[in-house]
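J.: This is the structure I want to talk about, given as structure tokens.
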Amino acid sequence: MTHQKVLVIDFGGQYNQLIARRVREHKIYCEVKSYKTPIEEIRAMNPKGIIFTGGPNSVYLDDSPRMANEIFELGVPILGICYGAQFMVYGLGGKIEKANETAVAEFGRTDCTFDTKSLLFKGLKKKSVVWMSHNDHIATLPEGFRAVCHSDKCPYGAIENPQKKFYGTQFHPEVNHTEQGFDMLGNFLYKVCGCVGDWTMEEYAQTAIREIREKVGSGKALLALSGGVDSSVACKLLAKAIGSQLTCIFVDHGLMRKNEGDEVEAAFADSGVNFVRVNAGERFLSKLKGVTEPEAKRKIIGEEFIRVFEDEAKKIGTVDYLVQGTIYPDVIESGAGDAAVIKSHHNVGGLPDYVDFKEIIEPLRMLFKDEVRALGIALGLDEKLVWRQPFPGPGLAIRIIGDITPEKIAILQDADAIFREEIAKAHLDRNINQYFAVLTNMRSVGVMGDGRTYDYTLALRGVTTSDFMTADFSRIPYDVLETVSVRIVNEVKHINRIVYDITSKPPATIEWE
Ligand code: XMP
């Protein structure tokens, strides 16, 4: 690829992905690399700039992450953040003091004063709030450096050596709490590194299409299409690159939301690929008959999915490439150790060994979720699919408490569709990260017309979250909830009571099962 590149060197800090995202928001391509990456490899990548991340360690510890000093001899501008700044100071001969020797540790919002003659702060306000989070601090600067920001407690809030184009901040410019942080990063990238902002999804799409064509040649590729954002965008990209050499298999397990199977089919059936929709609803339902335990449902659906996919894949025979919709956060996380484990129960781990293929293609491997969406739009993917909220693999099976019947699926699909329709009408669909209806297994007494009813209770759930690991329940206005409630009770048979879930995660989870 021809675009400029910035490297984020990972020293183990908690905001590393955020730094990379901020750089990309400035329309500059960047990659996160471990501090263990050999200098030769870094030189070969020809970066326009390097950013050292923060990290939990103290530079003085024997086992704290360090790079060879040659990193400072590449002639590439460097911005060190927190630990990254301390490592730069330490590496270039300055002095860092430990927290227990002084009382200068700072945490949280801190007022700072900036020297706006520094390129890092050019055009910004002289005073604003930053986010500090450090124990150790810079005590003596290396030769050629000067202070360009200070707080009450910290004389070296930010430092620079403009000749060498080395900059360091004791605070975190990448987090939102640092008021001018986004612009500071922009100054580093544009004014110090001389980036031009050539990372756009249109450009990415063209390059990716060219590369996929070169790689696949006249070979065949296979993709499992779920209708989720990632697999849909991957499918659209591959369709443009290799058309009918791609077969995508869409297993409709009959547990999708209302009309969803048809929407996926409509988006891809005429896109030039071999589109196979397998209507396997009955097959899944018969396996799920009488099953009430959530994990058992998940297991059955996961296994059956593989069987159905395998049956279809066998008809195609050997393929050269299997396409997967892996995205960049998965790539970074799987390198980071513990983080991947938290998620694993949601994903089918590892490579499918039930399909014969030679190699894997992961065309979204370097993209963040918002970039995947932007790519989808650049490729002309139906906006409904681009903005589709996450939907669990087992589908409505884990939103029907207790056993699953065709009748219950139909009730839930209708009720859920009304909820979604009203949320969209109220223009809340982009604010609430996930919202859906749950068919509880409880019946209660109601009165309709002059008659007694004894019907299901439906629960509505809406959450706001950035990572789905923790979530808050959405404050959906009462009048919107009222409209939803009135409509569902009137339009959907067998529901006579509606409740709204007001628990956060933790202690609850987002799904009910
Ligand atoms: P929980 O319920 O664990 O959900 O708070 C967090 C996120 O994961 C989704 N989810 C699943 N996704 N297979 C999936 O593909 C599953 O079995 C599954 N369970 C939960 C859930 O919709 C939410 O976005």
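J.: Within region 129-160, work out how many residues are part of a strand (DSSP E or B), modelled with pLDDT of 95 or more and crowded, with 19+ Cβ neighbours inside 10 Å.
T.: Within region 129-160, residues that are part of a strand (DSSP E or B), modelled with pLDDT of 95 or more and crowded, with 19+ Cβ neighbours inside 10 Å number 6.
J.: Got at least one residue in region 46-68 being in a helix (DSSP H, G or I), farther than 18 Å from Gly157 by Cα, assigned by TED's automatic domain parsing to the domain that holds Gln163 and among the β-branched types (Val, Ile, Thr)?
T.: Looking through region 46-68, none of the residues is in a helix (DSSP H, G or I), farther than 18 Å from Gly157 by Cα, assigned by TED's automatic domain parsing to the domain that holds Gln163 and among the β-branched types (Val, Ile, Thr).
J.: For region 439-467, give me each residue that is under 19 Å from Pro477 (Cα atoms) and within 16 Å of the ligand (Cβ to nearest atom).
T.: Listed by number, the residues that qualify are Ala459, Leu460, Arg461, Gly462, Val463, Thr464, Thr465.
J.: Shifting gears a bit: Would you point out which residue out of Arg430, Arg475, Arg373, Arg461 is in the same structural domain as Lys240 (by TED's automatic domain parsing), under 31 Å from the mean Cα position of the chain (by Cα) and not β-branched (Val, Ile, Thr)?
T.: Arg373
J.: On to the next question. Of everything in region 289-316, what is within 16 Å of the ligand (Cβ to nearest atom) and within 20 Å of Leu225 (Cα to Cα)? Give them in sequence order.
T.: Correct list: Arg298, Lys299, Ile300, Ile301, Gly302, Glu303, Glu304, Phe305, Ile306, Phe309.
J.: Sticking with this structure for a sec: Mind checking which residues of region 28-44 are within 13 Å of Ile9 (Cα to Cα) and of a type in the set (A, V, I, L, M)?
T.: Hits for region 28-44 are Val32, Ile39, Ile42.
J.: Ok, one more. Among the listed residues Leu381, Leu412, Leu460, which satisfies the condition of being surrounded by 19 or more Cβ atoms within 10 Å (Cβ to Cβ) and in a strand (DSSP E or B)?
T.: Among Leu381, Leu412, Leu460, only Leu460 is surrounded by 19 or more Cβ atoms within 10 Å (Cβ to Cβ) and in a strand (DSSP E or B).
J.: Hey, among the residues in region 53-86 that are among the acidic types (Asp, Glu) and without any contact (Cβ under 8 Å) to a residue 12 or more places away in the chain, which one's surrounded by the most Cβ atoms within 10 Å (Cβ to Cβ)?
T.: Glu73
J.: While we're on this one: Can you name every residue in region 165-176 that is farther than 14 Å from Ser151 by Cβ and either of a type outside the set (A, V, I, L, M) or not assigned by TED's automatic domain parsing to the domain that holds Val89 (or both)?
T.: Lys165, Phe166, Tyr167, Gly168, Pro173, Glu174, Asn176
J.: Taking the options Ala221, Ala266, Ala205, name whichever one is of a type outside the set (Asp, Glu) and out of contact with any helix residue (DSSP H, G or I) (no Cβ under 8 Å at 6 or more places or on another chain).
T.: Only one candidate qualifies: Ala266.
J.: Also, I was wondering about something else. Being polar (S, T, N, Q) and either at pLDDT 95 or above or under 32 Å from the mean Cα position of the chain (by Cα) (or both) is the filter here; which residues of region 70-105 pass it?
T.: Result: Gln86, single match.
J.: Also: For region 208-310, which strands (runs of 3 or more DSSP E) that fit wholly inside it have 2 or more residues that are of a type outside the set (Ser, Thr, Tyr) and assigned by TED's automatic domain parsing to the domain that holds Thr440?
T.: The strands (runs of 3 or more DSSP E) meeting that bar number zero.
J.: Any chance you could count how many residues in region 468-504 are more than 15 Å from the ligand (Cβ to nearest atom) and not in a loop (DSSP other than H, G, I, E, B)?
T.: Residues flagged as more than 15 Å from the ligand (Cβ to nearest atom) and not in a loop (DSSP other than H, G, I, E, B) within region 468-504 amount to 20.
J.: So Val89 fits all but one of (1) out of contact with any Asp or Glu (no Cβ under 9 Å at 6 or more places or on another chain); (2) part of a helix (DSSP H, G or I); (3) surrounded by fewer than 21 Cβ atoms within 10 Å (Cβ to Cβ); what number is the exception?
T.: Single failed check for Val89: (3).
J.: Something else now. If you go through region 384-406, how many residues are more than 16 Å from the ligand (Cβ to nearest atom) and outside any helix (DSSP H, G or I)?
T.: Count: 3.
J.: Where the second residue is of a type in the set (Gly, Ala, Ser) and crowded, with 22+ Cβ neighbours inside 10 Å and the first is over 13 Å from Glu25 (Cβ atoms) and touching a residue at least 24 places away in the same chain (Cβ under 8 Å) and lies in region 184-195, which pairs have Cβ atoms under 6 Å and are six or more apart or on separate chains?
T.: Sorted first by the residue in region 184-195, then by its partner, the pairs are Cys193/Gly49.
J.: I need the full set of residues from region 368-378 which are surrounded by fewer than 18 Cβ atoms within 10 Å (Cβ to Cβ) and modelled with pLDDT of 95 or more, in order please.
T.: Of everything in region 368-378, just one residue is surrounded by fewer than 18 Cβ atoms within 10 Å (Cβ to Cβ) and modelled with pLDDT of 95 or more, namely Ile377.
J.: Return yes when Ala508 is in the same structural domain as Ala415 (by TED's automatic domain parsing), under 23 Å from the mean Cα position of the chain (by Cα), of a type in the set (A, V, I, L, M) and within 16 Å of the ligand (Cβ to nearest atom) and no when it is not.
T.: Answer is no for this residue.
J.: Separate question: I'd like the full set of residues that are without any contact (Cβ under 8 Å) to a residue 60 or more places away in the chain and buried (at least 19 other Cβ atoms within 10 Å of the Cβ), limited to region 387-407.
T.: Ile400
The values are calculated or read from the model by the stated rules, or taken from the named source; none is laboratory data. On a predicted model such as this, the values are computed, not experimentally measured, just so you know. Cβ sites come from the backbone with ideal geometry, for glycine too, and all protein chains shown count toward neighbours.
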